[in-house]
Each structure stands twice: as C-alpha cells, then as structure tokens.
1. For region 123-133, what does the Karplus curve 6.51 cos²θ - 1.76 cosθ + 1.60, with θ = phi - 60°, yield as ³J(HN,Hα) per residue in whole Hz, taken in order and with x for Gly and Pro?
2. For Trp51, what accessible area in Å² do you get when you roll a 1.4 Å probe over the heavy atoms of the protein chains, rounding to the nearest 10?
3. Of Ala59, Ile97, Met86, which is farthest towards the positive pole of region 54-134's charge dipole, taken about the Cα centre with +1 and -1 on the beta-carbons of Lys, Arg and Asp, Glu respectively?
4. What is the Cα convex hull volume of region 267-387 when expressed per residue in Å³?
5. Count the DSSP beta bridges whose two residues both fall in the chain, then state the antiparallel fraction as a percent rounded to the nearest 5.
6. Would you kindly derive the ³J(HN,Hα) couplings of region 506-516 from the backbone phi angles with the Karplus curve 6.51 cos²θ - 1.76 cosθ + 1.60 (θ = phi - 60°), listing them in order in whole Hz, with x for Gly and Pro?
7. Go through region 288-300 residue by residue and turn each phi into a ³J(HN,Hα) via Karplus (6.51, -1.76, 1.60, θ = phi - 60°); whole Hz please, and just put x for glycine and proline.
8. If a paramagnetic tag sat 7 Å from the Cα of Leu340 along the Cα-Cβ line, which residues of region 289-321 would have the backbone N under 13 Å from that point?
Amino acid sequence: MDTRTAKKTDFRAHDGQLLFYRHWPATGSHCRGAIVLLYSGQEHSGRVARWVEEINLPAFAFFSWDTRGSGRWPDAHGRSPCIAAMVRDLQALAEHIRDAHGIAIEDMALVGQRAGAVLAATWVHDYAPPVRCLAVATPAFDSKLDVLCALPVLRGVQKLRDLNHIHSDVLPKFLTLLDRHDTAQRIVTDAAAIIAPALMLRSGTGAAMGPSPQDRFYERLSSARKERIVLPGLDHDALGWCNQAQALESLRAFVLREFDAPQPRVSLVDADRHGPPYDEYVRLTQAPANPLARVFWASIRAGLKLAGVFSNGIALGLKLGFDAGPTFDYVYRNQAHGRLGIGWLIDLVFLNSPAWYAVRQRKAHVEELIGVAMGRLHAAGMAARIVDLAAGPGRCVLDAVAALAPGSGGSSNRSAHAPESIVLRDYSPPNVEAGRALIAQRGLDAVARFELGDAFDEAGLAALAPRPTLAVAAGLYELFSENALIERSLRGLAQAMPAGGYLVYTGHLWNPMHTFMARALGNHRGGSHWILRRRWQAELDELVVRAGFRKVTQRIDNKGMLSVSLVQRIEAA
C-alpha cells in the first residue's frame, strides 16, 4: 500500500486569491506524472487523502485543492462559486503544477467523482488541455431539477434576482444547482468535443431503465481509447464503495496503460469536412424541411425588421450584418438607444441577450490577455509591437492599451510599458476610416496606424513591418468554416513573428442561440444568414500548435460559449 504525507501549500488563482492545496510527492527518484483528484463540487482536499493510498501509484505525484467555500477557504460557509469559476481554478492549478513542479500538462491524469467528475469533464471540454487521460467516477450529469417545475421556477428567480439585484443566503444555493445542471447538460450534449482517453466508472443502478446521461456522455466521446465499467450494486460513491477493488484496479490499470503505451492524440484538422460541428453546420445551411418551421423563421425575420424600426442596435445589425465590426462595437459600448421609448427597451433586451453578454466578456478577456502578454514581453526585454489582424474599428486593442497606461486604474499586475507600435488592419474601408478617427481621438497617432489588410493573405502577413511581437485575432477565425483559411493566416503570422512573441485568439465553442443566428440574422458579407461552424477548443488549439505556437493560458465566459487563448511563438524545430 502506498503511504506518504501530503505537503500543504497554496497556489494563486485567476483572481489573485490564494487557494490551499495538498501535494503528495512521488516516491523514488523519478516522477512519471501528476494525478489531480477532484472529490465533489465544494469539498476540501483532505477528503481524497485515502485515494492516494488506495490507488497505489507511488511513481506519480498527487494533487488536490480546497475549493472556494470549503476547507481552508477564509469563509468556509461562503457562497458557492459558479462552476465556471471552479473550472478556472482547476486551470490555474494545472498551470501552477506545470510551472512550480515541472510537470507538463501532457503528463497529468484527471480523476473526478460525482460533481468533481463534472468539473473535470467541463475543464477538458472547455479548455482542451492535452492531459494524458480523464477518469470520471459516477459523474453527476443527472439532476432532480427537472421535476416539480423546478427548472422554470429557478430560471424565473434567476432573472428576477438579476433585474432587482436581490441578495440572500438561500437563493445562491439553488441557483448554483441550476448552474451545475445547465453545465452538465451542455457537456453531455457536446461530449464529442472531448478527445482525451477516458474511463467511466458507472453505477449499475438504473442501468436497465435505458441510456442515462452518463451513457450518452460516454457514447459521444471522441476519445481514441475509452472504457466504460459498470459496477453492480453501486449507488454513487465508486471510489469509496465498501467493495471498491474493481473500481480501483480498473482506474490503476487505465492510468498505467495511458502512460506506458499512450494512444496518439485524435486529430481534428479535418473537422471542417466531417464530424458533429460540420454536420450541424451543413444542417444550418439548408432550409428547414418542415413548412411550418419555414413559416416560423420567416415570421421571426419579419419581427426583427419591425424591431429594427425602433431599436438602433437591431437596425445596425440588419444594415451591416450582425457579425460586422460596427455591430460588435455597438455591443461593446452597451448603451441602449431607440425611438419612441419602446425602442430603448427593445435595444436593452437585444444588448442583454446571452450571446452579446458573452461577446462583451470575450472583449474583457482579450484585453486581459493582451495585458498578460505585454507584461511577459516586458519581463523578457522584448518591445511590444502589436498587430490586430481584423480590428473592426479597433476599439478592443486601443481599450486594452489604454487600460495599461499609467494612471488608468488598470490592474497592478499588468505592465504599464507602452507599446512601441500598434498596427490595426481590416478588410473594410469604413472600418479603417472609423479606426483612424479613433486613433486620433485617443492621441495615439505617433505609435498607431490603421491600414487595409487581408487576414488570410499569407504572404502579406509574413511581410508585416515592423515584425509583431503581439498579434490579436479576435472574433475572426470563428467567422470562417474552412480550416485551410485559418492555417494560411497562422502560417503567415508565424513567419512574421519572432520566437517569444505572443498571439491572442478567440474561439466560438458553444451557443444556445446558434440556430436562431443561422435562421434569423444576416452576416457582414451580404448574406441573409449568419451561419457559423463551431470549432471545438481542441480543434482550434491544434491548428495554432501546428503553426508553431505553444499554449500558455485561456479564458472563457461563464456559459462556455466564447474562449480567448494566449499562445507563444516557439523556435522552429
């Protein structure tokens, strides 16, 4: 039996908060990798101490942390964070293990039980870390919120709370359950985005009643190697079950197999020609087969045209496209305008849709990671020479630079080192003119310029001058389905950028309004439909890595819709 003592220390989370974690070092002279343990949703790391002995893998280091509101958290009875915050804490822990303990994310295995399994699966889905493997034990993908009208009641309470800023000690507990329910449903529905080797330890209870959410999750996985083990008589505690020998032996054998003879990673380079997102994209490019559906969407489009008479935001989207730079600029400003009073209300509803909320969150994340990259460049003694490949009117980069200026009130951990140059590019002459006016308004003419440019012109990007050390591709790659276009852009950028430079790029992973966008909203290229092919994070990251970058970190909104990633240019092999 493996017996060892945990080292107790802290790591710094995404918001600067110190979180307590336990580290059980590997025994012997060589550490083969790390196993990260997640017991349940809001639990302290001491609950998994016995797993370290029972799993009995002495050549591996084990890690687990006290989630917010539990264990050594300053307020042990504080409100539960949303699951997105907990997933981001897991990302921060993995980066800490990589940087402080020298264990690559590629050499990490993830083991989660119940709500901890949902947390682990969400991280692997949303952030696509190249972990060695994922093991989920009786994952809590199902919930009881769909009975007794609990879901609509909770959603109504959530909207009421958001509108009236209600605070109480009771509501957050139930709304946290709603958040976890929605996240679990999303991960089960889109489980094909997970390509890591996976093991599921499933309860035998209810197996005869038909496919469960656990089964649907398992069957949709894209993992090249996956295994499902049904444990008869088990209710929910697979790794604490009194007769747990089969579960532990299966887990141990699975981890060792993935480290001894790992499967090649699943490639998604051709996902623009086959696979679930491609099938979804093809379906959306075709008119609905049902005549009633065609009438329904025609009425929705007619309603939008009527709303555009009153709402400034909808009118702008109808005129230029809902994915156009000026439309996004309007959403960024987030100030409702309209006619005859009702127009203001329609515009307010429009601006507060989940998709536009995620777009504003994406802008904040882009600005944050621009700040992180500039700080890293400054620490490495490299000048910050910024290029935005498709800047729209340029507000995103200029706002990020303004936030980093001395006296701006920006975060103290960001570098106030001014960029040496800023080159904003866009294919649209009106965007170029609007961007030049914004540069003049900000008084940045000495360091910034705006030029016409094609983000997919490989030769043009390779010849960029000055050579950029920080590139931004925000809201760009997700607008185009073909991976060949994206690879052409990335190759040109990689040729222009010196080793040690950074790229900030965005992705469109999930959207509950995806069908609405395709059936009712027009695009900036004059089309009557705004149809996107979702790219899983693993697909997007693979394209970037193939171009000669390594991933540093990532951000994503609370609903798992829009991601922002930071990668660094590495030396060519």
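The values are calculated or read from the model by the stated rules, or taken from the named source; none is laboratory data. The structure presented is a predicted model; accordingly, all values stated were derived computationally and were not measured. So basically every Cβ, Gly included, is an ideal-geometry build from the backbone, and we count neighbours across all protein chains shown. Protein only, heavy atoms only, side chains kept; ligands, DNA and RNA dropped before computing areas. Shrake-Rupley method; radii C 1.70, N 1.55, O 1.52, S 1.80 Å.
1. For region 123-133, the Karplus-derived couplings read 4, 5, 6, 7, 9, 6, x, x, 5, 5, 6 Hz, x marking Gly and Pro.
2. Probe radius 1.4 Å; accessible area of Trp51 about 0 Å².
3. Met86
4. In region 267-387, the Cα convex hull volume per residue is 164 Å³.
5. Of all bridge pairs located within the chain, approximately 40 percent are antiparallel.
6. Per residue, the Karplus-derived 3J(HN,Hα) values read 10, x, 10, 8, 7, 7, x, 9, 4, 5, 4 Hz.
7. So the Karplus estimates, Gly and Pro as x, are x, 6, 7, x, 5, 5, 5, 5, 4, 6, 5, 5, 5 Hz.
8. 306-311
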